[in-house]
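The values are calculated or read from the model by the stated rules, or taken from the named source; none is laboratory data. Here the structure is a predicted model, which means the values were calculated and not measured. Here the Cβ positions follow ideal geometry from the backbone for every residue, glycine too, while neighbour counts run over all protein chains shown. For the accessible areas, the whole protein counts, side chains as well, though only heavy atoms, and no ligand, DNA or RNA atoms are used. Shrake-Rupley method; radii C 1.70, N 1.55, O 1.52, S 1.80 Å.
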Amino acid sequence: MGEPVMLDGGRLRARLVDAGPYAALDVVTVTGSTNTDLAKAAHEGAADRTVLIAEEQQQGRGRMQRQWISPRGYGLHVSVLLRPEVPVTSMAWLPLIAGVALAETVERTTGVRAALKWPNDLLLGGGDQWHKGAGILAEAIAAPDGMAVVLGMGVNVHHSREELPAGAGGLPATSLAAEGADVDREDFAAGLLEAFAAVDDEWRARSGDVVSTGLLDRYQRWCATIGKRVRVEFGRDDLLGTAESVDREGRLVVRGPGGVSKAVSAGDVVHLRPA
């Protein structure tokens, strides 16, 4: 591709704040981490559904504190400050419902085949060739005015295969462009945020109940982890087995040795090849 086109914060605010579901939105050229910036804003009283997008992150991080950097204008680095009035036990579903919005947006707007890897990765490609195209990170914030969550999404958009970082969790990295999509990054950002607000509205309206909203079923339809042989890495005492389902608390249910099933709420999941 040629020179990346920078996002227009004014147009995004007109669509997503003035005429949309968000309280505030800002686009910055460069920052360390949009999640870190919004965590600070949460302590300063920033409103529910405040959005920060960075053209470049220099200290971006994912789960397990993995660090990554993306060239300016090539990816989508967006974080949303959320103050949902739902039970604390439902908060674990935020990165999962964000995954639903992300996968649905990718297939609807680009035609690239998408899937989800529990708990927080977007996969692109299909079949035995799934590659990681995005990551999601939700962080709870104990702000002075109550609990908040900062939800970050980092999507590889315009990167060529040579510009992509090394993969994690046994999966190589990819991008929408590397999968053959010609993406308008601004339209994609707006479409993703609109899709996330829609699923968030459904989730909040039922007090975080993912069964009555159908979000549990929607997530499981997108989840490529289900049915796979997996290794769940905890740092020690890894769990080997077959992923059976995701339960209503957002935990991955794995059938391990001897046919005993165990629900895990955390851990690095590696998809294994069939035995």
Note to self: Using a Gaussian network model on the chain with a 10 Å cutoff between Cα atoms, which of Gly75, Gly20, Gly250 fluctuates the most?
What the structure shows: Gly20
Checklist line | Separation between Cα centres of the range 93-152 and the range 233-275, rounded to whole Å | finding: 19 Å
Next item on the list: With a point put 7 Å past each Cα toward its Cβ, work out how far Asp145 is from Asp18 in nm, to one decimal.
Entry: 2.5 nm
Note to self: Given points 7 Å out from each Cα along the Cα-Cβ axis, report the Asp201 to Glu85 separation in nanometres with one decimal.
What the structure shows: 1.8 nm
Next item on the list: Report His271's accessible area, 1.4 Å probe, all protein chains in place, as a number in Å² to the nearest 10.
Entry: 40 Å²
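Please arrange Glu186, Glu249, Glu202 by accessible surface area, largest first, computed with a 1.4 Å probe and ligands excluded.
Numbers: Glu186 30, Glu249 100, Glu202 70 Å².
Largest accessible area first, the residues go Glu249, Glu202, Glu186.
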Next item on the list: Could you check the simple spin-label distance between Val211 and Asp182, using points 7 Å along Cα→Cβ, in nm with one decimal?
Entry: 4.8 nm
Item checked: Counting all C-alpha pairs of the chain, share separated by more than 26 Å (%) -> 39 percent
Item checked: Surface share of carbon and sulfur [accessible, 1.4 angstrom probe, percent] for the range 1-140 -> 50 percent
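For the chain, what relative contact order do you get, as a whole percent, if you take Cα pairs closer than 8 Å and at least 6 residues apart?
16 percent
Using just the helices of the chain, give the 222 nm mean residue ellipticity in deg cm²/dmol: DSSP H runs with n ≥ 4 each add -39,500 (n - 2.57), and the total is spread over all residues, rounded to 500. Write out the running numbers ahead of the final one.
Details: 5 runs with 61 residues, N = 275.
Mean residue ellipticity at 222 nm (helix-derived): -7000 deg cm²/dmol.
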Next item on the list: Report the equivalent ellipsoid semi-axes for the range 1-157 in whole Å, largest first, defined as the square roots of five times the eigenvalues of the gyration tensor built from alpha carbon atoms.
Entry: 24, 20, 16
Next item on the list: For the range 38-47, take each phi angle, set θ = phi - 60°, evaluate the Karplus expression 6.51 cos²θ - 1.76 cosθ + 1.60, and give the result in whole Hz per residue in order, putting x for glycine and proline.
Entry: 6, 4, 5, 5, 4, 5, 9, x, 4, 6
Checklist line | Those residues of the range 190-232 whose amide nitrogen sits under 14 Å from the label point placed on Arg255, 7 Å along Cα→Cβ | finding: 226-230
